[in-house]
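Take a look at this one; I'll ask things after.
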Amino acid sequence: MKRVAFLIKVRQDKIDEYKRHHQAVWPEMLNALHRNGWHNYSLFMRADGLIFGYLETPENLEAARAAMRKEEVYAKWQAFMAPLVEPLAEPYPGVRTAELEEVFHLD
């Protein structure tokens, strides 16, 4: 399994809505994530809406997303959540999701 970490920025005025939607993720979306190898998937949010995401998957983040893009529910979920997310600040101008490099892991 590959460990993957990433950042997302939720719009300040949409934080409560983002949290609400993630307390009730659509069952078909959860099934698609499991079916496509997304394991131990977690999201952690700072008070300003910056999210640190973590998952374990057989491949890298782009491969995990590519598998999900084959799922109709993924496109619906992304479109549903897109208004809640904003581009990241420096050093990621214009980027909505930035993968982080793993520099240490304690087995």
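The values are calculated or read from the model by the stated rules, or taken from the named source; none is laboratory data. Predicted, not measured: the structure shown is a model, and the values here were computed from it. Because the Cβ atoms are built from the backbone with ideal geometry, glycine has one as well, and the counts that use them run over all protein chains shown.
Could you look through segment 50-93, keep only residues that are under 19 Å from H22 (Cα atoms) and touching a residue at least 60 places away in the same chain (Cβ under 8 Å), and pick out the one that is surrounded by the fewest Cβ atoms within 10 Å (Cβ to Cβ)?
Per the stated criteria, the residue is P83.
I would also like to ask the following. Within segment 50-70, does at least one residue satisfy the condition of being assigned to a loop (DSSP other than H, G, I, E, B) and in contact with a helix residue (DSSP H, G or I) (Cβ under 7 Å, 6 or more places away or on another chain)?
No, because not a single residue in segment 50-70 is assigned to a loop (DSSP other than H, G, I, E, B) and in contact with a helix residue (DSSP H, G or I) (Cβ under 7 Å, 6 or more places away or on another chain).
Another question, then. Does L43 satisfy the condition of being surrounded by 14 or more Cβ atoms within 10 Å (Cβ to Cβ), at pLDDT below 95 and at negative phi?
no
Which members of segment 1-23 meet the condition of being farther than 17 Å from E99 by Cβ, of a type in the set (A, V, I, L, M) and either in contact with a Leu (Cβ under 8 Å, 6 or more places away or on another chain) or at pLDDT below 95 (or both)?
The answer is V10, and nothing else.
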